[in-house]
Amino acid sequence: MAYGVTQQMIDTFGEIVFKLSLNKQTRRGDAVRELDFDALDAARDETGLTDEEITERIGLLPEQVGVVRVFTERKHHKIDQHRRIYHLGGGKRWKKEAYRSPAERLRFNEEAMMLREAINFKPELAARYIEDGYWINETLNGWLADHAQNTPDAIAILHPGGEVTYAELKSRVDHLTNGLLSLGLMKSDVVAVQLPNTLDFVVSYLAITAFGGVMQTIHMPYRDADIEFLLGHAQARTVICLPAFKDFPTAEVMLSMKEKLSALEHVITVGDMEIEGTLMLESLMIEGTPEIDNPPVGSDPFLLLYTSGTTSNPKGVPLTYQNMMSNARVSVAEFKMTSVDRNLSAAPFSHLYGLFNFHVALNAGATNVLLPAFTPPDLAKMVEATKATTVFLGPAHATAMINAGLMDAHDFSSVRFSVFSGAACPPQMMETYRDKIPGTRISQLWGMTETAGATYCRYDDAADIPVRSAGRASPGDEVRVVSPEDGKPLPANTEGDLQVRGCSVFPGYLNNEEANADAFTEDGWFRTGDLAIIDDDGNMTITGRTKDVINRGGVKFNPADIEDLIIQHPKVEMAAIVPVPDPALGEKACCVVTLLGEESVTLEELCTLLDEHKIAKNKWPERLEIIDEMPLTPTRKVIKGRLMDKL
């Protein structure tokens, strides 16, 4: 179809466009010919919205609204002249010198259309999110443009190289947008980025999305095999990367991918090192205001992220502005984020959690403080040096700083609010962290690549809530737990399979029909794969993963609480319990640990600790493995699949 419209888009938005258009009208007299403007105004409520007004309401291009409407009118009114109706021009005066054919302006590559066809929301849910005001026509660069115009001298970015105002950031983004357009990139083309949390990442991200492109992130630790799979699955046309990262020749590997992947055309490197076959990012900084024929709108995809890699084949997760922008916008008030805040992310921007808090701060007009890469000393020093007021981190980040004495050695007094996510948060660690910063508030956030920030504790929640739970559903989202046997909702305070539905939930995996069939219920609930309990007030606590449950002789148990206890042992740094085969019992528990110091630990010592906490013996681990380094995702979540492979 024309202008990037897909059948999925017609199915999703058709009825609400038809409703807003109000196609049935009553004519009284001839107010237009008689120039009776009072009569025209009086009849306004009966005539519905114009295509431009519908565009602003739901986040489509005017041309797309027209296509969606006429196809839907065909269904309702049994007309068969929709193409002629569309090309009548909506009553606008036609000027030859100003006219560009929509077919020319709104072109999409074949690969881009495949991505757009993955955007497949349930129509009744999409209509609800639009009518309730969660989904509106907003984009990342719309937010940036507003701040650049209204508060041009406010600090947008604080990074090791200095400060960047919103006006300066907008200018850099405009220049790179011109450069990317000069390469022939078009709307919905995928541009992959493998960069740390630097100014180059931020400018690249905003420039890619400015012309309607889709940014695909690649985690910094990923190497040849991971990169080839991700670029190939996404059909990326361009990649932006470092010349090299540690001992990995990044640019060289990316150039080799051009020989293997037909869609990949350009490799762009940051910095001042010239590498044959690549383009330098700085050379693409072309002055001037970009002319964007096919600008992004709220319903467009703009991110393509991949699941964490705890499975062998990461799944592609396309996300639209309506998904992500709504989730960030409604979270600003819940976190009490304002333009005076300085927000620091310990999480990488290649991960949804890092992008989520960047979006929240951007919407608020706050300053984003950039930490290129996490080490415990660097995070502590950055908080002290920049006087960060909000910090988004994971439990492993905090634990490392606490154990190294860094929170005592550095000034954290500026931090008013800290949000934890990415892995289970031991209550003792949460309380210790809060005690280190008198007067500060803490929060837990639960989310996935597929859901964005689905639940979190609010700034004003009681002190015990963030210690024991990940809070309530984000505005516009719903969470529930269901029975693993029959899928029926369970009462409060009962453990079950966690499901989520709402305005922040993704539309479906890219080119993966089997995964999509398993992921959603008929009424649109996403099956997260997590086990959880929701209390009487709606506060949700993750208790484990359905796939982590150990079946010992027919008795199943969730090892998450055992892991939390073992981590408290003074010799243990990290712990994970995984099932291993047993000829008599089917499965038994194996505890895998890394150590804090040189002194080792025995299985007997760990079981003594569990006995002291009155843990049933059938839950005790029956095997202990001590390893040097735990396999982790970029957000420091243990990859249990790799542990089981080693065992």
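Read-outs throughout are calculated quantities, based only on the coordinates presented, and are distinct from any laboratory measurement. Quick caveat: nothing in here was measured; it's all calculated off a predicted structure. No Cβ is skipped: glycine too gets one built from the backbone with ideal geometry, and neighbour counts run over all protein chains shown.
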Next item on the list: Please determine, in degrees from 0 to 90 and to the nearest 10, the orientation of helix 250-260 with respect to the longest principal axis defined by the Cα atoms of the chain, where the helix direction is its Cα long axis.
Entry: 60 degrees
Notebook entry, point to check: Once you wrap a convex hull around the alpha carbon atoms of the chain, what is its projected area averaged over all directions, in nm²?
Noted result: 33.1 nm²
Next item on the list: Identify, among 319, 255, 602, the residue whose Cα sits farthest towards the positive end of the charge dipole of the chain, taking +1 on the Cβ of Lys and Arg and -1 on the Cβ of Asp and Glu, with the dipole about the Cα centre.
Entry: 319
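Compute the Kirkwood hydrodynamic radius of the range 138-306, taking the inverse of the mean of 1/r over all pairs of distinct Cα atoms, and give it in Å to one decimal. Intermediate values should be presented prior to the final figure.
Details: mean 1/r = 0.0616 Å⁻¹.
It is 16.2 Å.
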Check: In degrees between 0 and 90, to the nearest 10, how far off the longest principal axis of the chain does helix 224-234 point, with axes built from Cα atoms?
Finding: 30 degrees
Item checked: Local electrostatic count, residue 137, Cβ distance below 12 Å [Lys/Arg +1, Asp/Glu -1] -> -4
Checklist line | Value of relative contact order over the range 179-289, rounded to a whole percent, pairs C-alpha under 8 Å and six or more apart | finding: 25 percent
Notebook entry, point to check: What fraction, in whole percent, of alpha-carbon pairs in the range 229-308 exceed 21 Å separation?
Noted result: 44 percent
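About the Cα centre of the range 138-306, what is the dipole size in debye to 20, counting +1 per Lys and Arg Cβ and -1 per Asp and Glu Cβ, all else neutral?
Values: 8 positive and 23 negative charges, 73 e Å.
So the magnitude is around 360 debye.
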Checklist line | Percentage relative contact order, the range 513-566, counting C-alpha pairs under 8 Å, at least six apart | finding: 20 percent
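Compute the Cα gyration tensor for the range 294-365, then decide on rounded, prolate or oblate, letting a ≥ b ≥ c be the square roots of its eigenvalues: rounded whenever a/c is under 1.5, prolate when a/b is larger than b/c in the other cases, and oblate in all that remain. Numbers along the way, then the final one.
Details: a/c = 2.53, a/b = 1.36, b/c = 1.86.
Judged from the Cα gyration tensor, the range 294-365 comes out oblate (a/c at least 1.5, b/c at or above a/b).
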Next item on the list: Would you mind working out the magnitude of the charge dipole of the chain relative to its Cα centre, with +1 at each Lys and Arg C-beta and -1 at each Asp and Glu C-beta, to the nearest 20 Debye?
Entry: 1240 debye
Check: For the chain, which longest stretch is free of loop sites, where a loop site is one of the chymotrypsin sites (Phe, Trp or Tyr not before Pro) that DSSP puts outside H, G, I, E and B and that has at most 12 other Cβ atoms within 10 Å?
Finding: 100-647
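For the chain, what is the calculated [θ] at 222 nm in deg cm²/dmol (nearest 500), taking -39500 (n - 2.57) for each run of four or more DSSP H residues and dividing by its residue count?
On the way: 25 runs with 235 residues, N = 647.
Value at 222 nm, helices only: -10500 deg cm²/dmol.
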Notebook entry, point to check: Taking the Cα centre of the chain as the origin and placing charges on Cβ (Lys, Arg +1; Asp, Glu -1), which of 159, 526, 245 is farthest toward the positive end of the dipole?
Noted result: 526
Margin query: Name the residue from 644, 517, 344 whose Cα lies farthest towards the positive end of the charge dipole of the chain, charges +1 on Cβ of Lys and Arg and -1 on Cβ of Asp and Glu.
Written below: 517
Checklist line | Sorted largest first, extent of the range 180-275 alpha carbons per principal axis (Å) | finding: 34, 29, 23
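Run the numbers on the chain and let me know its relative contact order in percent, using alpha-carbon pairs under 8 Å that are six or more apart.
Values: 1266 pairs, mean separation 62.6, N = 647.
With pairs under 8 Å counted, the relative contact order is 10 percent.
Just subtract the alpha-carbon distance of residue 336 and residue 273 from 0.36 nm times their residue separation and send over the number in nm, one decimal.
Working: separation 63, 0.36 × 63 = 22.68 nm, distance 4.26 nm.
Here the segment from residue 336 to residue 273 would lengthen by 18.4 nm.
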Item checked: Degrees, to the nearest 10: 603-612 long Cα axis against longest axis of the chain -> 80 degrees
Next item on the list: Under 11 Å from a label point 7 Å along Cα→Cβ of residue 373: give me every residue in the range 179-205 with its amide N that close.
Entry: 196-197
Checklist line | Given charges at beta-carbon only (K, R positive; D, E negative), |dipole| of the range 240-387 in Debye | finding: 800 debye
Next item on the list: Sorted from largest down, give the three principal axis spans of the alpha carbons of the range 549-646, whole angstrom values.
Entry: 36, 30, 21
Notebook entry, point to check: Please state the Cα pair-distance histogram of the range 390-496 with 5 angstrom bins from zero: what percent is in each bin?
Noted result: 2, 12, 20, 22, 17, 11, 7, 4, 2, 1, 0
